[in-house]
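Since the structure comes first, as structure tokens, the remarks are kept for the end.
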Amino acid sequence: MKHSKHSKTNISRRTLLAASGAALAAPAFLSGSAFAQDKKVIRISTPSPEAEWQAKGLMKFKEMVEANAPTLGVEIHLNATLFDQGTEIPAMQRGNLEVGMISPQDIAGYIPEYSIFTAGYLLRDAEHMHKVFDDSDVATEYRGRVSSEMDVTILSSQYLGTRHVILRKEKDVQTPADLAGLKLRVPGSDTWQFLGKALGANPTPIAFDEVYLALSTGTVDGLENPISDMIAAKFYEVSEQLVLTGHMVAPLFFAMSNSFWNELSDDEKAVVSDAAKSQAVFVDEGTLATEADGTSLLESNGLKVTTPDLDAFRSHVQGVYLESDYAKEWPEGLLERINAL
């Protein structure tokens with residue numbers, strides 16, 4: 001098996017916490033040597049721990065593929081143990097990875113005008129998200145350019161959740177000005193850091209598998225994340241407040257390297273495509289259910305849940321984006337087409 005220089009060799013806290021997941025994974029997340037030599041192996045890299053809906057959805061994908069395509073095997077690598085978050089695309093481009101779970105922020109790094117899809121308060125809900133990325137001419141254009149310019153194929157999109165602000169210590173937060181000076185964990189890309197600034201905070205890039213420790217030690221004052229991820233990662237153990245900013249409806253894409261996709265037979269493609277769509281539906285349903293009960297669960301674990309002045313947040317964040325250099329590159333009329341969906 002080929003590994004890029006980005007392959008993980010260190011052991012993180014999340015990896016240690018996932019030891020039980022690794023034990024469970026022994027029969028499920030098999031190494032390549034466990035497969036017959038003539039099988040085509042689909043390696044999937046994700047930063048998600050076992051408890052997240054994304055990881056559970058990938059297990060569903062594995063089960064469906066291996067049940068319906070005897071020529072295919074699936075390896076799932078959780079907790080960013082194969083590739084660091086944000087390095088999946090170059091790994092797929094080099095042929096070192098078959099499937100990466102990638103975001104619009106990842107794509108904007110390759111197609112700058114698609115930074116429009118990273119803007120805060122752009123999408124209204126999960127239904128609007130799927131119209132934009134699955135069921136529209138916008139989706140057709142988006143997937144076409146991703147394939148031709150990035151050499152990866154988007155097979156499905158899933159609802160990762162609506163993102164909110166999580167704080168290590170309680171604070172009265174009504175407007176973005178109340179987040180001034182707070183070190184807010186964000187992923188490492190420029191578009192994520194811009195979002196952190198637009199929210200009024202001081203964006204601090206830290207790998208997801210290091211966030212729990214960063215919160216517990218005060219390296220960061222908080223992060224922005226969906227409720228489902230917060231529960232799965234147990235961030236409530238090292239946080240005191242959830243601020244329901246709802247600043248982003250977050251999609252995640254199931255993406256496969258073009259080189260591997262093009263090697264599949266038509267029958268294999270049909271199985272993989274169907275399984276990718278089924279796992280997306282599974283993740284959507286689980287995430288929405290978790291969000292429906294999430295705030296009461298977090299409150300029962302001692303977290304204070306507050307709602308800020310959403311109009312103040314929305315108008316400020318949208319204004320920052322519309323006045324930015326990013327907006328100058330947005331394709332003419334695309335924002336109106338997204339809103340119309």
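Where a number appears in this text, it was derived from the coordinates with a stated rule and is not lab data. Source: prediction; values computed, not measured. Note that we place each Cβ from the backbone using ideal geometry, even for glycine, and neighbour counts take in every protein chain shown.
Exceeding 18 Å between C-alpha atoms, which entries from my cross-link table qualify? They are Lys56/Lys277; Lys197/Lys234; Lys171/Lys234.
On the way: Lys56/Lys277 14 Å; Lys197/Lys234 25 Å; Lys171/Lys234 20 Å.
From the list (Lys56/Lys277; Lys197/Lys234; Lys171/Lys234), the Cα-Cα distance tops 18 Å for Lys197/Lys234; Lys171/Lys234.
Please compute the Kirkwood hydrodynamic radius over segment 48-146, one decimal place, Å, based on all pairs of different Cα atoms. Kirkwood radius, segment 48-146: 15.5 Å.
Ranked by the mean number of other Cβ atoms within 10 Å of their residues, highest first, the peptides 199-207, 260-268, 51-59 fall in the order 51-59, 199-207, 260-268.
Spatially, segment 112-160 and segment 292-313 are offset by 28 Å when compared through their Cα centroids.
In nm², what is the average projected area of the convex hull enclosing the Cα atoms of segment 241-341? Walk me through the numbers on the way to the answer.
Values: hull surface 41.5 nm².
Mean orientational projected area (segment 241-341, Cα hull): 10.4 nm².
What you get for the chain, charging only the Cβ of Lys and Arg (+1) and of Asp and Glu (-1), is a dipole of about 940 debye around the Cα centre.
Where both residues lie in the chain, what percent of DSSP beta bridges are antiparallel, nearest 5? Write down the numbers at each step before the final one.
Details: 23 of 40 bridges.
Of all bridge pairs located within the chain, approximately 60 percent are antiparallel.
Does segment 46-93 come out rounded, prolate or oblate, given a ≥ b ≥ c as the square roots of the eigenvalues of its C-alpha gyration tensor, rounded meaning a/c under 1.5 and, failing that, prolate meaning a/b above b/c? Note, shape of segment 46-93 comes out oblate. Packing, taken as the mean count of other beta carbons within 10 Å per residue, orders the peptides 161-170, 213-222 from highest to lowest as 161-170, 213-222.
Rg/Rh for segment 117-260 to two decimals, with Rh computed the Kirkwood way over all alpha-carbon pairs.
Numbers: Rg = 16.4 Å, Rh = 16.2 Å.
Result for segment 117-260 is an Rg/Rh of 1.01.
Measuring max minus min along each principal axis, the C-alpha atoms of segment 170-227 give extents of 29, 26, 22 Å (largest first). I'd like the orientation of helix 266-300 relative to the chain: the angle between its Cα long axis and the longest Cα principal axis, in ° from 0 to 90, rounded to 10. So the inclination is approximately 30 degrees.
May I ask you to derive the relative contact order of the chain, considering only C-alpha pairs under 8 Å and at least 6 residues apart, and to give it as an integer percent?
Working: 623 pairs, mean separation 80.0, N = 341.
Relative contact order comes out at 23 percent.
For the peptides 124-134, 76-86, 302-312, residues were scored by their other Cβ atoms within 10 Å and the scores averaged per peptide; the highest-first order is 76-86, 124-134, 302-312.
The alpha carbon gyration tensor of segment 115-184 gives principal lengths a ≥ b ≥ c with a/c of 1.5 or higher and a/b greater than b/c, which makes the shape prolate.
Take the alpha carbon gyration tensor of segment 191-256, find the square roots of its eigenvalues, order them as a ≥ b ≥ c, and report rounded if a/c is under 1.5; if not, report prolate when a/b exceeds b/c, else oblate.
Values: a/c = 1.42, a/b = 1.19, b/c = 1.19.
Rounded, because the longest to shortest axis ratio a/c is under 1.5.
A simple count of charges around Asp125, restricted to other residues whose Cβ falls under 15 Å of its Cβ and scoring Lys, Arg +1 and Asp, Glu -1, yields -2. Based on the convex hull around the alpha carbon atoms, segment 178-320 presents an average projected area of 10.4 nm².
Calculated from the structure at hand, Rg/Rh (Cα atoms, Kirkwood Rh) is found among [x] 1.01; [y] 0.95; [z] 0.98 as [y].
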